[in-house]
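**Student:** Below: one structure in structure tokens.
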Amino acid sequence: MDQRVSLAVSTVIFALRPHSKTGRDTLWLPLVRRIREPYEGDWALPGGPLEAHEDLAASARNTLERTTGLTTNYLEQLYSFGEIDRSPADRVVSIVYWALVRPDEAARAVDGDNVEWFVADEVPQLAFDHNRIVEYALGRLRAKITYSPIAHAFLHPEFTLAELREVHEAVLRKPLDPANFRRQVLASHTIVPTGTCVTGTSHRPPALYRFDSGGDAGPRAADETASTTKERP
């Protein structure tokens, strides 16, 4: 007998929040408790069947908004999961997206019914193959942050080098030497100084930077210094 194949869209939503035990910024994600079989009562990634009137990205964005009440500027297709036995009923192929949100946005998230945030590396046993999907997403994020400016999705448009380093440390789960990090990130030419710096500090005010949308900030990034001051949001 022919098996029916269904198409679904799931979204892995990452945000940085303080760990409840250590207090350090840590990757969190929201999960949804299933209210029907299969896996009734288990936690799962937000998502559902692809509706006929939605394209893939729209379905992922709607999942983000429906689950957390948030919108994001960073939404990317992650991978497709289609093993034959990943669902105990019909054959289901899932197109998975990932979304990254800033801490101030995550703080305004509205938890929906049966929605709860978990530390991404400490999720319980999930429905279907969603543990594998979470592990894949974490691995992809940790690899990508080492060679791309993906950290900008967790930051305000303007940021200090310390704030940028803290994002890398939270994602990679390890401390980074401040001097080495500064040298490497400035040499990458992915950020440019804004010409402003943070005010209200008791020491030398740190300079503010932004990511270079052109992808090459040029050697001036390491040489320019902030000439004016600016309050942090």
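**Student:** Restricting attention to the stretch 197-215, and to residues there that are touching a Pro at 6+ places or on another chain (Cβ under 9 Å) and either among the polar types (S, T, N, Q) or in a loop (DSSP other than H, G, I, E, B) (or both), which single residue is modelled with the lowest pLDDT?
**Tutor:** By that ranking, first place goes to Gly215.
**Student:** Do we have any residue at all in the stretch 172-193 that's within 25 Å of Leu70 (Cβ to Cβ), within 14 Å of the chain's Cα centre (by Cα) and not assigned by TED's automatic domain parsing to the domain that holds Pro18?
**Tutor:** Checking the stretch 172-193: at least one residue is within 25 Å of Leu70 (Cβ to Cβ), within 14 Å of the chain's Cα centre (by Cα) and not assigned by TED's automatic domain parsing to the domain that holds Pro18.
**Student:** Out of the residues in the stretch 166-212 that are out of contact with any strand residue (DSSP E or B) (no Cβ under 8 Å at 6 or more places or on another chain) and of a type in the set (A, V, I, L, M, F, W, C), state the one that is farthest from Thr146 (Cα to Cα).
**Tutor:** Applying the filter and picking the extreme gives Ala179.
**Student:** Turning to a different aspect of this structure: It is to be established whether one or more residues within the stretch 28-51 are outside the structural domain of Pro175 (by TED's automatic domain parsing), over 21 Å from Leu7 (Cβ atoms), touching a residue at least 12 places away in the same chain (Cβ under 8 Å) and hydroxyl-bearing (Ser, Thr, Tyr).
**Tutor:** No - not one qualifying residue is present in the stretch 28-51.
**Student:** Suppose we filter Arg86, Arg17 for residues that are in contact with a Phe, Trp or Tyr (Cβ under 9 Å, 6 or more places away or on another chain), among the charged types (D, E, K, R), under 20 Å from Glu135 (Cβ atoms) and not in a loop (DSSP other than H, G, I, E, B); which single one remains?
**Tutor:** Only one candidate passes the filter, namely Arg17.
**Student:** Going through Glu105, Glu76 one at a time, which residue ends up being surrounded by 13 or more Cβ atoms within 10 Å (Cβ to Cβ) and in a helix (DSSP H, G or I)?
**Tutor:** Within the list Glu105, Glu76, the selection yields Glu105.
**Student:** Return the residue satisfying two criteria in turn: it lies in the stretch 61-120 and is touching a helix residue (DSSP H, G or I) at 6+ places or on another chain (Cβ under 9 Å) and β-branched (Val, Ile, Thr), and of such residues it is nearest to Glu166 (Cα to Cα).
**Tutor:** So the residue we want is Val101.
The values are calculated or read from the model by the stated rules, or taken from the named source; none is laboratory data. Model, not experiment: these values are computed from the prediction. Note that we place each Cβ from the backbone using ideal geometry, even for glycine, and neighbour counts take in every protein chain shown.
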